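J.: The structure's right below; bear with me while I get my questions together.
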Amino acid sequence: MLTRLLKPRFPSCAVGIERGAASVVQLERGRGGFVVRRAASINLPTDLVRPGFSESNISDPAEMSSALADLLTSAGLLRQRKWSASLPEAATRAAILTIEGTPGSRRELEEVLEWKIERTFGAPLSELRISREQLASDAQREPRYLVTAVHRSVLAEYEAVFAALGWHAGLILPRHAGEEQWLRNGHSGDGLLLTAHEEGFTAVLMRQQRPLTLRSVFCEAEESDDELHRVLLFYRERSGSNLPGDTTTVDRLLVVGDSLDKARVASIAQETLGVSLTPMDAADVGLLIPPGDLDFDTIAAPAGLARLAW
């Protein structure tokens, strides 16, 4: 009972929602990893889901519920009630916040965090749904927190759609948070995730199963190369990989989304970090997808949340 309380069991089913598309997946454990038991994707009208951090996301909740019901029917998951969900990247915000100095009390720490959250995300704390995770301190031993935010009004739109389907959605996270689960597999080296979307990309550097750095970049497609160079230089500086005698380096590269060219990303990583990386696919992360029309990029986020069931 204590184990169930401290480490709750998450659903083995998850949904991923993006502008113009949605996908569902159910996983089961397999030999050496995970197997997609059921999955399906559907194209949505381009204006049905309009991801944004501070504005309405779903133009027609009834149409959205109907589309998801059709998706569930095609996947054979209509009777499933417990779900995790990944939201569009542009509908959420995430950042790693560092607390400079040593707060005099727990209350002072909370006040500093609240101020930083409001300043970082540009909204009053009362308007946001916040999740946070304390990370390892930085080199100056200053505490760091991974903070994820979504506007309460935006989250309420998605939750209303889920409720109309009779779902209990216990875990709702940004898309990159699902995809980064595929880099939490016990490797000693660092892993780099690049989540591409219409407005730019999110870069997450993983070390020892936790984010080391996280950068959300909003840019035009033609600016992606320059922005990626800056992000990787920032990683090199923060990771300490440019220090004499340091042996830690990025040894895994996961690029998800059509907005970034995987071969070009690998080339930029070679130029910036001096390492040769091949972007990982489903087999590399231990996921078996049965033959068909689904590709890894389509289900990487919901499948990553579904693997938390184990």
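J.: Within region 145-162, take every residue that is in contact (Cβ under 8 Å) with a residue 12 or more places away in the chain and surrounded by fewer than 17 Cβ atoms within 10 Å (Cβ to Cβ) and give me the one that is farthest from Thr213 (Cα to Cα).
T.: Ala160
J.: Let me ask another. Condition check: among the small types (Gly, Ala, Ser) and either within 30 Å of Asp138 (Cβ to Cβ) or open to solvent by less than 10 Å² (accessible area, probe 1.4 Å) (or both). Does Gly52 satisfy that?
T.: yes
J.: Just checking, how many residues over region 267-299 are closer than 26 Å to Ser86 by Cα, part of a helix (DSSP H, G or I) and not hydroxyl-bearing (Ser, Thr, Tyr)?
T.: 7
J.: Only residues that are outside any helix (DSSP H, G or I), without any contact (Cβ under 8 Å) to a residue 24 or more places away in the chain and either surrounded by 14 or more Cβ atoms within 10 Å (Cβ to Cβ) or of a type in the set (Val, Ile, Thr) (or both): list them for region 96-120, please.
T.: So in region 96-120, the residues outside any helix (DSSP H, G or I) come out as 96-105.
When the remaining residues are screened for being without any contact (Cβ under 8 Å) to a residue 24 or more places away in the chain, the result is 102-105.
Thr102, Pro103 - these are the residues of region 96-120 that are outside any helix (DSSP H, G or I), without any contact (Cβ under 8 Å) to a residue 24 or more places away in the chain and either surrounded by 14 or more Cβ atoms within 10 Å (Cβ to Cβ) or of a type in the set (Val, Ile, Thr) (or both).
J.: Further question on the same structure: Which residue pairs have Cβ atoms closer than 6 Å, lie 6 or more positions apart in sequence or on different chains, and pair a first residue in region 36-64 that is more than 30 Å from Val285 (Cβ to Cβ) with a second residue that is open to solvent by less than 20 Å² (accessible area, probe 1.4 Å) and of a type in the set (Asp, Glu)?
T.: Taking only residues 6 or more apart or on different chains, not a single pair turns up.
J.: Can you tell me which residue within region 157-211, out of those that are part of a loop (DSSP other than H, G, I, E, B) and within 20 Å of Ser12 (Cα to Cα), is modelled with the lowest pLDDT?
T.: My answer is Asn185.
J.: Oh, and also: Among the numbered criteria (1) free of Cβ contacts under 8 Å to residues at least 24 places away in the same chain; (2) of a type outside the set (D, E, K, R); (3) in a loop (DSSP other than H, G, I, E, B); (4) open to solvent by 50 Å² or more (accessible area, probe 1.4 Å), which one does Ala139 miss?
T.: (1)
J.: Could you check Ala123 against (1) among the hydrophobic types (A, V, I, L, M, F, W, C); (2) in a loop (DSSP other than H, G, I, E, B); (3) closer than 30 Å to Asp261 by Cα and say which number it fails?
T.: Only one criterion in (1) among the hydrophobic types (A, V, I, L, M, F, W, C); (2) in a loop (DSSP other than H, G, I, E, B); (3) closer than 30 Å to Asp261 by Cα is unmet by Ala123, namely (3).
J.: Would a scan of region 241-260 turn up a residue that is at pLDDT below 95, open to solvent by less than 80 Å² (accessible area, probe 1.4 Å) and in a helix (DSSP H, G or I)?
T.: Checking region 241-260: not a single residue is at pLDDT below 95, open to solvent by less than 80 Å² (accessible area, probe 1.4 Å) and in a helix (DSSP H, G or I).
The rows are residues; the columns are (1) touching a strand residue (DSSP E or B) at 6+ places or on another chain (Cβ under 9 Å); (2) farther than 30 Å from Gln134 by Cβ.
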residue: Ser23; (1), (2): yes, yes
residue: Asp70; (1), (2): yes, yes
residue: Leu87; (1), (2): yes, no
residue: Ala94; (1), (2): yes, no
residue: Trp115; (1), (2): no, no
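J.: Given the conditions (1) at pLDDT 90 or above; (2) open to solvent by less than 20 Å² (accessible area, probe 1.4 Å), report the number of the one that Glu271 does not fulfil.
T.: The number of the failed condition is (2).
J.: For the list (1) farther than 17 Å from Gly178 by Cβ; (2) at pLDDT below 95; (3) among the aliphatic types (A, V, I, L, M), I need the number of the one condition that Leu294 fails.
T.: The failed condition is (1).
The values are calculated or read from the model by the stated rules, or taken from the named source; none is laboratory data. Please read all numbers here as calculations on a predicted model, not as lab measurements. Glycine gets a Cβ as well: all are built from the backbone with ideal geometry, and neighbour counts include every protein chain shown. Please note that ligands, DNA and RNA were not included when accessible areas were found on the heavy atoms of the full protein model with its side chains. Shrake-Rupley method; radii C 1.70, N 1.55, O 1.52, S 1.80 Å.
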